[in-house]
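Engineer: Have a look at this one before I ask anything.
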Amino acid sequence: MNHCPKCPSETLVESKALGDMALDRCPGCGGIWFDKGELEALLKQSQGQVSADFDLIMPKPAERDCPRCSKKMWSGGLVNPLLLVDKCSDCGGVWLDPRELVLAKKMLGLTGGPDAENIAPVERPLQVPARRAAPAAPHSKIIPLACALLGFIGLVYQARVYLEAMEKPSHLGFFAVVLVSILLFSGGLFALLHNVSDGRDAD
């Protein structure tokens, strides 16, 4: 059984993908395998002559296995450096991916077969996960807590001074400290509650 070089789980099946010649095609990705001489015969059938050199341009080892002899293939340009294909140096077969096949039809003048939208594999849109709110930094809770504690301590101290004083304080400094303590306590408490609410929303 000849497995697709690109989709190892798929088996190549005979199909008249180009012209009237039966070629081995992958039902999964739509790529086509040309046995030795088939591409030349197809060009002769399409153009009436064969003038192309089918040696790879700048070949380099490929990771794909040949579906005929299971040897590692070579990757390189076919006729044109832009037309990158995989070729087996042992059996001489050539593998064209769907997009390479479309490019080969344009460059080599091949006719017949499905268009690009019919043979190109479907590309699923990239799904970007919803961005979660970053957890609150530790210092964002420490500072409001410290403010609330300072304000509370200030209020308790001023209340003690007020209750234990022989005469009720009436100077401006006393009331200023009370006001600052109230602001620190209420502001720190509000910030703490706000951080807790944001943390629940993020979950």
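Engineer: Within region 57-97, how many residues are part of a loop (DSSP other than H, G, I, E, B) and without any contact (Cβ under 8 Å) to a residue 40 or more places away in the chain?
Structural biologist: 7
Engineer: Here is a further query. Can you work out which of the residues in region 10-32 that are assigned to a strand (DSSP E or B) and modelled with pLDDT under 80 is surrounded by the fewest Cβ atoms within 10 Å (Cβ to Cβ)?
Structural biologist: Selected residue: LYS16.
The values are calculated or read from the model by the stated rules, or taken from the named source; none is laboratory data. Computed from a predicted structure; not experimentally measured. When we count neighbours, we look across all protein chains shown, and the Cβ atoms used for this are built from the backbone with ideal geometry, even at glycine.
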